[in-house]
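A short worksheet on the structure shown next.
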Amino acid sequence: MTRDPELTTLLPAGLTQQEADARLRTHGPNVIPPRGRHSVAIEYLLHFRNPLVLLLIASSAVLGWTGDLPSMTIILAIVLASVTLDFVQEHRAERALARLQATVAATAVVVRDGVRRPLPVSDLVPGDVVLLTAGDVVPADGAVTKADRLFVNEAALTGETYPVEKHPGPPGEAGAVRMGTSVTNGTATMLVEATGARTALAAIAADLVAPRPDPPLEREARRFGMMILRFTFFLVLFVLLVNAAMHRAWLESFLFAVALAVGLTPELLPMIVSVTLARGALRLAKHHVIVKRPSAIYALGGIDILCTDKTGTLTEAAIRVAGTEDASGHSSDAVASLAALNSHFASGLRSPLDDAILARAAAPWEGWRKLDELPFDFVRRLASVLVVRHDSPPALIVKGAPEDVIARCTLEAGDRDALVARFASLGREGFRVLAVATRTLPVDRARITGDDENELAFLGYVKFVDPPLRDAAPALSGLAHAGIEVKIVTGDNEWVAQHVCESLGLPVKGTLLGPQIDGLADDALAAAASTATLFCRVSPPQKTRVIRALRGHGHVVGFMGDGINDAPAMHAADVGISVHGAAGVAREAADVILTRGRLRVVRDGVMEGRRTYANIMKYLMMVTSSNFGNMLSMAAATLFLPFLPMLPVQILLNNLLYDLSETAIPFDRVDEGELRRPHVFDVREIQRFMLVMGPVSSLFDLVTFGLLLALGAAPALFHTGWFMESIATQVLVIFVIRTRHDPLRSRPHPLLVGTSLGVVAVALSLPFTPLAHLVGFVAPPALLVAVLGVLVAVYLGLAQVCKHWVYRAHREWKRRTLPDAPAAAAAR
């Protein structure tokens with residue numbers, strides 16, 4: 001924030017109303033600016049830009065034109081539901097912004113023309129003089145010009161647990177105050193320096209409503225859609241050109257080409273994805289995980305890095321006294337008693353450390369009486385009480401930060417060095433430490449000043465610990481076994497954070513401090529962040545920068561937070577995770593909310609995300625390879641057959657039955673091996689699978705063509721024989737594709753078995769029913785059915801061999817072409 005030169009010459013009378021009006025026209029109202037938006041209708045229509053969505057709409061139009069109204073209606077309903085869901089979810093950022101705006105006071109007491117008056121916060125301008133009292137919300141960014149024991153709670157912006165004392169001074173130092181923070185004690189006069197879009201709170205708001213990087217599922221789905229669109233275009237163009245060259249009927253050729261396009265389009269993809277994600281959301285709800293953005297379930301499965309704070313995630317967030325010791329390092333009840341006297345009689349700012357001391361004390365203050373006190377502040381970092389008992393001289397008891405207490409004690413140089421070294425050692429052991437000192441004052445003293453906090457006698461240390469959560473170590477171990485690296489992002493010092501990690505068995509590979517982060521360029525930070533485990537003494541903007549650096553280095557990142565200051569980092573992550581008791585803005589920015597537990601529950605979400613990914617990939621692998629193979633066979637058949645290999649209505653029937661067999665995929669079981677590592681949607685793997693398995697399927701189709709022609713099959717029998725072989729190979733191959741291993745050892749869900757075998761049974765029996773003539777089928781001879789059965793069995797065996805080859809070849813390709821990719825990503 002830059003100081004306006006004009007502000008330094010302002011009088012205590014504040015601005016004149018005329019000057020304030022002029023500045024309001026220049027700087028605009030003091031509100032967090034809303035996100036620039038199109039109209040609601042335009043915003044909704046922009047969600048149809050996905051190429052796969054456009055292809056599905058075109059396919060539904062063709063189905064309607066050919067008379068297949070039920071299929072058209074189903075596809076359109078699925079597309080509209082998917083697009084509408086995405087549209088609704090996008091408005092969460094606006095709700096978060098509204099919550100941020102609600103944290104700012106509605107009115108403020110301002111000095112205008114020398115008169116104090118309440119004014120709407122939106123009317124404040126740089127240069128206004130604002131009066132603050134306890135309970136007020138700071139209405140703008142500025143500098144304190146006068147203060148009387150002013151304490152400001154800045155947790156909303158910095159995450160700092162305790163209120164900070166403010167003194168008159170320039171911005172950026174002890175006198176800076178920020179919009180959205182709250183006054184907990186004292187009074188002050190502030191000079192407004194920045195309003196509206198120029199405030200620190202507006203910077204957080206800008207991060208929340210900035211365009212979010214596309215989640216992995218949406219990003220890769222667009223790439224997949226473009227791949228299908230290209231294949232569809234060239235295949236249809238090829239068929240039309242061949243039929244034109246062979247002087248076939250134009251209308252029949254066109255309908256055949258259109259049917260090919262519909263057959264190649266995975267029209268059930270939105271439904272499969274939606275049902276799979278919905279099923280995952282329901283399963284996660286049973287594990288106390290509420291999913292706000294469905295596609296976040298998929299992203300959870302791809303996480304290879306989880307960033308989280310230390311307090312409340314790895315520790316209980318319940319400070320306890322771990323012990324007291326004197327200057328010699330021995331346990332001391334006297335130190336405990338005097339620390340309790342100080343905490344009991346101090347009436348100023350009370351911290352969780354005071355609560356921990358009093359919780360352990362056995363009322364040592366009985367018989368003592370307080371004469372005076374100097375409350376704690378963040379400049380002295382001391383709290384002092386003057387107490388007396390019976391006729392004894394008054395005792396000054398001082399408690400505070402070890403560095404400041406030691407500096408005020410009367411000590412030999414060697415003793416001072418030893419106490420400082422002991423304090424550092426306790427920090428490395430993971431303790432937070434307060435020092436206690438005392439001084440006897442004359443009998444007639446009833447008041448104390450800051451000068452009395454000198455020439456103290458050092459008594460000892462009070463050691464505090466925030467115990468690790470009981471389930472933190474097993475949860476960290478479970479995440480590690482799942483291929484997820486946990487990184488700690490905290491405002492605490494590195495010694496305490498490292499000790500917590502060591503006590504939980506979390507290896508620390510490296511540490512980055514906030515100042516080091518600021519000194520690194522983006523590329524250097526991405527490399528350093530990937531190898532570091534601890535990020536200590538970091539500010540909220542540094543958290544966000546770390547998240548973006550990790551994502552830019554090829555990682556899928558989850559961030560767990562619970563404060564307003566965590567919201568931008570959650571927004572920048574692939575998955576934002578919060579908890580039920582978090583700040584409202586944090587809950588709005590999160591994709592996933594945990595209603596119970598922390599890390600253990602996150603692992604449950606990750607496992608469900610991987611199940612979701614596995615079942616979506618089953619569908620894509622199956623539909624692309626089978627459809628491409630069938631469409632390739634049809635296109636090839638047009639080169640040598642004097643008639644169409646399958647009538648348009650038969651293609652659509654084939655497609656309908658095939659789709660029915662796939663509706664149970666979201667309910668299928670997933671191999672345990674698929675849950676052991678992160679996954680990311682890989683279009684190249686799908687394409688490689690399609691380009692290998694599709695031609696294999698097409699090869700057996702061509703063998704079927706040759707067999708039918710050798711038997712002298714008429715067009716009706718030819719159509720019937722290929723329809724039966726096509727359905728059987730397309731549907732039954734799911735039992736091969738659904739697992740990367742031996743299909744005989746991987747048990748499918750009974751629902752998938754039932755739908756698949758049921759569809760095959762319907763397709764094989766249809767030519768023998770009275771309905772056969774409606775779609776141009778005839779009853780085939782028994783010998784043909786038997787031979788087709790052998791072909792299907794051989795095809796399934798070859799598909800198993802080719803499947804292993806494809807997966808192995810793809811892994812080798814990734815190792816050769818992505819040598820610099822992160823290890824976790826390359827493993828996928």
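The values are calculated or read from the model by the stated rules, or taken from the named source; none is laboratory data. Keep in mind the model is a prediction, meaning the values are calculated, not measured. Neighbour counts run over all protein chains shown; Cβ positions are idealised from the backbone, glycine included. These accessible areas exclude ligands, DNA and RNA; they are computed on the full protein's heavy atoms, side chains included. Shrake-Rupley method; radii C 1.70, N 1.55, O 1.52, S 1.80 Å.
Please determine, by comparing only the residues of the range 490-528 that are of a type in the set (A, V, I, L, M, F, W, C) and part of a loop (DSSP other than H, G, I, E, B), which one is surrounded by the most Cβ atoms within 10 Å (Cβ to Cβ).
L506
Can you pull out every residue in the range 405-441 that is open to solvent by 70 Å² or more (accessible area, probe 1.4 Å) and closer than 15 Å to V385 by Cα?
Across the range 405-441, the qualifying residue is only T440.
In the range 297-355, which residue that is polar (S, T, N, Q) and under 21 Å from V579 (Cα atoms) is nearest to the chain's Cα centre (by Cα)?
So, considering only residues that are polar (S, T, N, Q) and under 21 Å from V579 (Cα atoms), the one nearest to the chain's Cα centre (by Cα) is T308.
So, of the residues in the range 369-400 that are within 23 Å of G175 (Cα to Cα) and open to solvent by less than 40 Å² (accessible area, probe 1.4 Å), which turns out to be modelled with the lowest pLDDT?
D377
Under 8 Å between Cβ atoms, which residue pairs at least 6 apart in sequence (or on different chains) link something in the range 589-618 that is over 16 Å from K292 (Cα atoms) and in contact (Cβ under 8 Å) with a residue 12 or more places away in the chain with a partner that is among the basic types (K, R) and buried (at least 24 other Cβ atoms within 10 Å of the Cβ)?
These pairs meet every condition: K618/R738.
How many residues are assigned to a helix (DSSP H, G or I) and within 19 Å of A799 (Cα to Cα) when one looks only at the range 705-751?
Summing the residues that are assigned to a helix (DSSP H, G or I) and within 19 Å of A799 (Cα to Cα) in the range 705-751 gives 14.
Please work out if L371 is assigned to a helix (DSSP H, G or I) and touching a Pro at 6+ places or on another chain (Cβ under 8 Å).
no
For the condition in contact (Cβ under 8 Å) with a residue 40 or more places away in the chain, in contact with a His (Cβ under 9 Å, 6 or more places away or on another chain) and not β-branched (V, I, T), what is the one hit in R439, R422, R428, R432?
Just a single option satisfies the conditions, and that option is R428.
Got a sec? Which of D326, D355, D309 is under 19 Å from V385 (Cβ atoms) and in contact (Cβ under 8 Å) with a residue 24 or more places away in the chain?
After ruling out the rest, the residue left standing is D355.
Within 23 Å of S337 (Cβ to Cβ) and of a type in the set (D, E): which single residue out of D518, D522, D452, D444 fits that description?
Step by step, each of D518, D522, D452, D444 is checked, and only D452 is within 23 Å of S337 (Cβ to Cβ) and of a type in the set (D, E).
Could you pull out the residue among V790, V801, V785 that is under 28 Å from T704 (Cα atoms), in contact with a helix residue (DSSP H, G or I) (Cβ under 8 Å, 6 or more places away or on another chain) and modelled with pLDDT of 85 or more?
None of the other options fit; the residue is V785.
Looking at V778, V753, V733, V703 in this structure, which one is more than 19 Å from P645 (Cβ to Cβ) and open to solvent by 10 Å² or more (accessible area, probe 1.4 Å)?
Going through V778, V753, V733, V703 in turn, just one is more than 19 Å from P645 (Cβ to Cβ) and open to solvent by 10 Å² or more (accessible area, probe 1.4 Å): V753.
Go through the range 451-472 and report how many residues are of a type in the set (G, A, S) and open to solvent by less than 40 Å² (accessible area, probe 1.4 Å).
Summing the residues that are of a type in the set (G, A, S) and open to solvent by less than 40 Å² (accessible area, probe 1.4 Å) in the range 451-472 gives 2.
Yes/no per residue for (1) modelled with pLDDT under 70; (2) on the phi < 0 side of the Ramachandran plot; (3) open to solvent by less than 40 Å² (accessible area, probe 1.4 Å); (4) not in a helix (DSSP H, G or I):
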| site | (1), (2), (3), (4) |
| --- | --- |
| V242 | no, yes, yes, no |
| V273 | no, yes, yes, no |
| A296 | no, yes, yes, no |
| L306 | no, yes, yes, yes |
| G323 | no, no, yes, yes |
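In the range 308-319, is there at least one residue being surrounded by fewer than 22 Cβ atoms within 10 Å (Cβ to Cβ), assigned to a loop (DSSP other than H, G, I, E, B), among the small types (G, A, S) and at pLDDT 85 or above?
Within the range 308-319, not a single residue is surrounded by fewer than 22 Cβ atoms within 10 Å (Cβ to Cβ), assigned to a loop (DSSP other than H, G, I, E, B), among the small types (G, A, S) and at pLDDT 85 or above.
Among the residues of the range 497-521, count how many are of a type in the set (A, V, I, L, M) and in contact with a Ser or Thr (Cβ under 8 Å, 6 or more places away or on another chain).
Qualifying residue count, the range 497-521: 4.
State all residues of the range 529-555 that are part of a loop (DSSP other than H, G, I, E, B) and either charged (D, E, K, R) or open to solvent by 10 Å² or more (accessible area, probe 1.4 Å) (or both); if no residue qualifies, say none.
Within the range 529-555, R537, V538, S539, H553, G554, H555 meet the criteria.
How do the pairs read when you match residues in the range 695-722 that are within 20 Å of F768 (Cβ to Cβ) with residues anywhere that are among the hydroxyl-bearing types (S, T, Y) and crowded, with 19+ Cβ neighbours inside 10 Å, using Cβ under 9 Å and keeping only pairs 6 or more apart or on different chains?
Here the result reads T704/S633; T704/S726; A713/T720; G721/T704; W722/S633; W722/T704, each pair linking the range 695-722 to a residue that is among the hydroxyl-bearing types (S, T, Y) and crowded, with 19+ Cβ neighbours inside 10 Å.
State all residues of the range 353-368 that are surrounded by 17 or more Cβ atoms within 10 Å (Cβ to Cβ) and part of a helix (DSSP H, G or I); if no residue qualifies, say none.
Residues satisfying the conditions are L353, D354, A356, I357.
So for the range 161-181 (the condition being at pLDDT below 70 and closer than 30 Å to L300 by Cβ), does at least one residue qualify?
Yes.
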